[in-house]
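Structure record follows, encoded as structure tokens.
The values are calculated or read from the model by the stated rules, or taken from the named source; none is laboratory data. Computed from a predicted model, the values in this text were never measured in an experiment. Quick reminder, even Gly has a Cβ in these numbers, built from the backbone with ideal geometry, and neighbours come from all protein chains shown. These accessible areas exclude ligands, DNA and RNA; they are computed on the full protein's heavy atoms, side chains included. Shrake-Rupley method; radii C 1.70, N 1.55, O 1.52, S 1.80 Å.
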Amino acid sequence: MVVYDSAHGAQLVTSVPKLWPRCILVCVFTMIFMNVSTFRKEMNKQIDSISQSVTEMYRMYRGYENSVRTWLGGENFLGVTFINFDGAHASDLENVADVNFVVPELGLRLTGKSVVDDLLPQDEKLKQQLLKYTA
């Protein structure tokens, strides 16, 4: 855009027409970047949600499988063993509720309880619990 200045007798050239496309491009790229960033965050949330759902479904499946095995193994209202699953129960193990450790070198006595997820099937719970052998 060319403007004539009559007081000084000179032509002034302004860059306003050249500036607006740059502003629009900056705004467009800013919005695209923000949308991509938001999309990535939402996609990560969806992936986490789906993986949690799949994990819960697997745990539920394992729980039902263990219940059916227990029922068929003889723990039912009939008291009849339909199928004998070897190694399903260990009779010489006891569950440990409290754990106590003494570290004499440091003068510490540590006390705690084992935490096991209740949604796990029985065989997985046994793997995570603290057990002791009894004679």
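Stretching the chain fully between ILE24 and VAL115 yields a gain of 27.0 nm (0.36 nm per residue, less the alpha carbon separation). Show which lysines lie in cross-link reach of LYS125 when reach means a straight Cα distance below 24 angstrom and same-chain residues fewer than eight apart are skipped. Candidates past the 8-residue exclusion: LYS113. Distance between the 7 Å Cα→Cβ label points at MET43 and TYR64: 3.3 nm. In this view, the solvent-accessible surface of ASP123, computed with a 1.4 Å probe and all protein chains in place, comes to about 60 Å².
To the nearest 10, the accessible area of MET34 is 100 Å² with a 1.4 Å probe. Each residue was assigned an accessible area with a 1.4 Å probe, and for LYS45 the value is about 130 Å².
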